[in-house]
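**Q** Have a look at this one before I ask anything.
Coordinate-derived values only; no laboratory data. Because the structure is a prediction, the values reported are computed rather than measured. Reconstructed Cβ throughout: ideal geometry from the backbone, glycine too, with neighbour counts over all protein chains shown.
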Amino acid sequence: MREIVLSRFGGPEVLESRTAPDTAPGAGEIRIRQTAIGVNFTDVHGRRGDYADLRTAPMPLVLGMEAAGVVEALGKGVERFRIGDRVAYASRPLGSYRDLRNFPAARCVAVPAGISDRDAAAVMLKGLTVQTLVRRVFRVAPGTWAVFHSAAGGVGSLAGQWLRALGAHAIGIVGSEDKVGAARAAGYEAVFVRGRDDWPARVRELSGGGVPVVYDPVGRETWEGSLTCLAPRGHLVCFGNSSGLVPPFSVNELRDRGSLAVSWIRFGDYTADPVELDAAARELFDALAHGALHPVPPRCLALEQAAEAHRLLESGQTTGALVLVP
C-alpha cells in the first residue's frame, strides 16, 4: 500500500510518500482500491496543526476524508456492498491519502453508473454539504430569497447552481471584486462584495425587507451583517468560521431582531446515519446526472504530488476541485 504521511506539522513539504503493509478489513469495514482522492482545505488545516484533536494524534498521520474507488474485500457483517461495487465517502476517520484503504461500510455510498470516480471524489464533501444546507437544515422552496457567503468558492459555486435549480432567488456575497464573475456564472441573481458594498442594506432592498435564510461560512466578519439581512423569523445557518469565531451574543438579541433562529452545522452530524447519508447522496448524484449541478472538472495530480496539491490549494490558483490519482 502507498500512502502520504506527515510526521510533523508544517508546510506542504512535510507530506511524504511511503509504503505500508496491506491489512484485512475489520468487522463492519470494506477494503477500497481507491482510484480518486479529494483534496480539501480541511486537509491543509490538518497539515498545519490547526485542529486540537490532531495535535495530540499519534504520528505519522495520514490526512484526507474524501475518496472513491472499488470494493476489494468485505469485513465481517458487511451487507451493504459487494466486491466490485463502486463506492465513495466524505467522512472521518482521516486517512484517504492512500491507494488502498479499509473504511467503515456504513459511511460509504454507492456511486451510480454515469458518475465517474474522479467526479464523485471531487464533489462528495462539497456537494453533500450543499445538500445538507439547502435541503435539510433550511429546505429551500421555489421563490425563496437566500443569501450565500463565499459564493465563488467550491461550496458556494455548487450552492448557487442548486439554488437556481430549485427556483430560489439567490444572492451571493464574495470577498473581492475578481470573484464576482464566478459567482454570477454559478447562478446568483445578484452578487455583492464585502468591503465595497453595503451588502446588508442591498440585500434588504433587493428582497423587499429581508431574506428568510442566510448561509454563512465566514463567521466573525459577517455575523452582524448576516443577522441584519434576515427578515422576521429568519434563519442564519453558520457552517464555518474562516474569518474567526462568532463573538459571544445574547439570545435575547435574536428575539429583539424579529424571532430569529441561528444554527451551527457540523457536517458529520448530518451524515452519521447511513439511511440519511444514502438519501442525501442519491439526491446529490441525481442533481449531477440531470445537469442541475455542473462543477468544473477536477484537476488531477498523482498521489505522490500531494504536497503540490496543497501548494496549489493554498495559493488560490485553482478554479475547481483537486483530486489525487493513485
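**Q** Along the positive direction of the dipole of the chain (beta-carbon charges: Lys, Arg +1; Asp, Glu -1; about the Cα centre), which of ALA183, ALA73, TRP145 reaches farthest?
**A** Checked the options; the winner is ALA73.
**Q** To continue, here is another question. Quick query: amide H of GLU29 versus all other amide H atoms, modeled in the peptide plane; which residues come in under 5 Å with a sequence gap of 5 or more or a different chain?
**A** For GLU29, whose amide H was placed from the backbone, the distant partners under 5 Å are GLY75, LYS76, ALA105.
**Q** At R0 = 25 Å, how high is the FRET efficiency between ASP278 and THR23 if r is their beta carbon distance? Nearest 0.05 is fine.
**A** Numbers: r = 27 Å, r/R0 = 1.07.
That pair, ASP278 with THR23, gives E of 0.40.
**Q** Explain nothing, just compute: Karplus ³J(HN,Hα) = 6.51 cos²θ - 1.76 cosθ + 1.60, θ = phi - 60°, for every residue of the range 204-220 in order, whole Hz, x for Gly and Pro.
**A** 5, 5, 5, 8, x, x, x, 10, x, 8, 10, 9, 9, x, 8, x, 3
**Q** Now a separate question. Give me the distance between the Cα centres of the range 102-146 and the range 8-75, rounded to whole Å.
**A** Each part's Cα centre sits 21 Å from the other's.
**Q** Hey, what angle do you get for helix 154-165 against the long axis of the chain, alpha-carbon based, 0 to 90 degrees rounded to 10?
**A** Value to nearest ten degrees: 60.
**Q** Work out the P(r) tail for the range 142-264: percent of alpha carbon pairs separated by more than 22 Å, whole number. Don't skip to the end; give the middle numbers.
**A** Numbers: 1998 of 7503 pairs.
For the range 142-264, the share of Cα pairs beyond 22 Å comes to 27 percent.
**Q** What relative contact order, as a whole-number percentage, does the chain give when Cα pairs under 8 Å and 6 or more residues apart are counted?
**A** Numbers: 693 pairs, mean separation 57.7, N = 326.
Worked out over the chain, it gives 18 percent.
**Q** I need the calculated FRET efficiency for the pair HIS45 and ARG299, taking r as the beta carbon distance and R₀ as 25 Å, to the nearest 0.05. It would help to have the intermediate numbers written out before the result.
**A** On the way: r = 20 Å, r/R0 = 0.81.
Working from the Cβ atoms, E equals 0.80.
**Q** Counting DSSP beta bridges in the chain, what percent are antiparallel, to the nearest 5? Walk me through the intermediate numbers first.
**A** Values: 28 of 53 bridges.
Roughly 55 percent of the beta bridges in the chain run antiparallel, per DSSP.
**Q** With +1 on each Lys and Arg Cβ and -1 on each Asp and Glu Cβ, how big is the dipole of the range 223-326 about its Cα centre, in debye rounded to the nearest 20? Let's see the in-between values first.
**A** On the way: 7 positive and 12 negative charges, 58 e Å.
Using Cβ point charges on Lys, Arg, Asp and Glu, the range 223-326 gives about 280 debye.
**Q** For the residues CYS300, CYS229, what sequence is obtained by ranking on other C-beta atoms within 10 Å, fewest first?
**A** Working: CYS300 17, CYS229 25.
Ascending number of Cβ neighbours within 10 Å: CYS300, CYS229.
**Q** Which angle from 0 to 90°, rounded to the nearest 10, does the C-alpha axis of helix 117-131 make with the longest principal axis of the chain?
**A** 40
**Q** Would you mind working out the magnitude of the charge dipole of the range 142-264 relative to its Cα centre, with +1 at each Lys and Arg C-beta and -1 at each Asp and Glu C-beta, to the nearest 20 Debye? It would help to have the intermediate numbers written out before the result.
**A** Numbers: 11 positive and 11 negative charges, 41 e Å.
Using Cβ point charges on Lys, Arg, Asp and Glu, the range 142-264 gives about 200 debye.
**Q** Next up: For the chain, with the dipole built from +1 on Lys and Arg beta-carbon atoms and -1 on Asp and Glu ones, taken about the Cα centre, which of THR228, PHE9, LEU312 lies farthest toward the positive end?
**A** THR228
**Q** Using a 7 Å offset from Cα along Cα-Cβ at VAL251, what residues in the range 201-235 end up with backbone N under 11 Å from the label point?
**A** No residue qualifies, since no backbone N sits under 11 Å from the label point.
**Q** Can you list the residues, at least 5 places off or on another chain, whose amide H is less than 5 Å from the amide H of ARG92, using H built in the peptide plane?
**A** Here nothing satisfies the definition.
**Q** Please go through the range 1-70 and write out the trypsin sites (Lys or Arg not before Pro) that DSSP classes as loop and that have at most 12 other C-beta atoms within 10 Å. Present the calculation step by step, with values, prior to reporting the outcome.
**A** Values: sites: ARG2, ARG8, ARG18, ARG31, ARG33, ARG47, ARG48, ARG55; in loops: ARG8.
Filter output for the range 1-70: ARG8.
**Q** Can you give the angle from 0 to 90° between the axis of helix 306-315 and the longest principal axis of the chain, with both taken from C-alpha atoms, to the nearest 10?
**A** 10
**Q** Continuing with this model, one more query. Place a +1 charge on the Cβ of each Lys and Arg in the chain and a -1 charge on the Cβ of each Asp and Glu, then give the dipole magnitude about the Cα centre in debye, rounded to the nearest 20. Working shown, then result.
**A** Details: 36 positive and 35 negative charges, 49 e Å.
Here the chain has a charge dipole of around 240 debye.
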